[in-house]
Amino acid sequence: MKIGVLGAGQLGRMMAISGYPLNHQFGFSGNSNNEPSALLGHMFALEDNADNIESLVAFADVITYESENTDVEVVREINKDVQVYPGEKSLFITQHRGREKALFDQLSIPCAPYQMVNSEQDLIDAVDNIGLPAILKTATEGYDGKGQFLIRETSQIADAWKSMNGVESILEGFVNFKRELSLIAVRGIDNDHKYYPLVENTHHDGILRLTIAPAQAINSEVQKTAEHYMQTLLDEMDHVGVLTIELFETEDGLVVNEMAPRVHNSGHWSIEGANTSQFENHVRAISGMPLGDTSPAHPFSAMINIIGEIGPTDLALKMSNAHLHLYDKTERADRKLGHINITANTLSELNASIATLTDFLPN
């Protein structure tokens, strides 16, 4: 099958790497021929083809996308000729935090209190209703901590609104949490569902730095609760492919923060750490193949993001249980350049391996 990808970054790159052994071909639409996926398939680059998306549609039997910020109108047009998975509903909801939170409310999925904000006065009113601390976020397009302002005092309200540059925003009540978790699942065209174990995520400056899989000290009821929330969302949106939900573990249970209709950074561990990676399962789902086993292939796994500069990768290459993945991207502050996966038989072995690679983690 010929699979088209809207976008040509590292997520598309890893989809292609996982999909070629299944006898699929890949094509990508992107801005230039220097993007991470460019050498992994047919590249339809805007820089040399003004009709690059039309060319991708002509190539593909099915199309997917890398980002929830993909233009819904573009997907709607493509769907007239080629099926796009995940569908338009998933994309429309997940690219807007207000619509996302409204769906959580509709489905009785716990989330932070929130209020939409379109002016400084709206923000003043929202702070009165929700209280402080609270986080002001752009309604769309924010990622990796961008487009956010933590308000601790009312004296910060004017600066917070100014930082949004006048765009539609959302104020969310601050959640006191013990740790950040995420759940990745996949739903097939035939409505088959598969769930990966909950994982624990550590962020620095809004960017994911470390994932531990599975998350430790998670009882079966917590996993089942997260899977129930996920299944409700998958079925409500008629979602096909991978879906990710980010959660807070609190004293009162799980609180869902946000979701992404795609393969996700916190699932990169699954390339070596699970029997079927999130990338392969996404490809399987959108191409109508049976879904693969999502159980861990090793008792313990971890993923360390490589951010900003490549760093001393020889450290990882010399380790028998470390697996280096670079994305063919130039170094730049806060840019995701690659990741290192670690597999281990014991928690102490995992922690020792992470300690060996501390050069890749912020102090």
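The values are calculated or read from the model by the stated rules, or taken from the named source; none is laboratory data. Just so it is clear, the structure is predicted and the values come from calculations on it, not from any experiment. Note: ideal-geometry Cβ built from the backbone for every residue, glycine included; neighbour counts use all protein chains shown. Heads up: the accessible areas ignore ligands, DNA and RNA and are worked out on the full protein's heavy atoms, side chains in. Shrake-Rupley method; radii C 1.70, N 1.55, O 1.52, S 1.80 Å.
Brief remarks on what is shown
- Both radii were evaluated on the Cα set of segment 176-283; the Rg over Rh quotient, with Rh as the Kirkwood radius, amounts to 0.94.
- For residue 65, the residues whose modelled amide H falls within less than 5 Å of its own, excluding neighbours fewer than 5 places apart on the same chain, are 6.
- Residues of segment 99-164: accessible area per residue with a 1.4 Å probe, Å²: 52
- Annotation for segment 110-178: GluC sites (Glu not before Pro) lying in DSSP loop with at most 10 further Cβ atoms inside 10 Å of their Cβ are 153.
- Note on segment 99-194: Cα convex hull, mean projected area over all directions, 7.7 nm².
- Between the residues 129, 171, 181, the greatest Cα displacement towards the positive end of the dipole of segment 121-182, with unit charges on the Cβ of Lys, Arg, Asp and Glu, is found for 181.
- Size estimate for segment 239-349 follows the Kirkwood approach: the inverse of mean 1/r over distinct Cα pairs works out to 15.7 Å.
- Net charge of neighbours whose Cβ lies under 15 Å from the Cβ of residue 35, counting Lys and Arg as +1 and Asp and Glu as -1: +1
- Charged neighbours of residue 312, selected by a Cβ distance under 11 Å, balance to -2 (K, R count +1; D, E count -1).
- Lysine pairs in segment 1-151 whose alpha-carbon atoms fall under 26 angstrom of each other, counting only those eight or more residues apart or on distinct chains, come to 9.
- Among beta bridges that DSSP assigns inside the chain, antiparallel share in %, nearest 5: 80
- Take every pair of alpha-carbon atoms less than 8 Å apart whose residues are at least six positions apart; their mean separation over the length of the chain yields a relative contact order of 14 percent.
- Descending principal axes extents, segment 6-120, alpha-carbon based, whole Å: 45, 33, 28
- Mean shadow area of segment 256-296, taken as a quarter of the surface of its Cα convex hull (nm²): 3.3
- Fluctuation leader among 164, 319, 116 - the chain, Gaussian network, Cα springs under 10 angstrom: 319
- When all protein chains stay in place and ligands, DNA and RNA are ignored, the 1.4 Å accessible-area order of 161, 269, largest first, is 161, 269.
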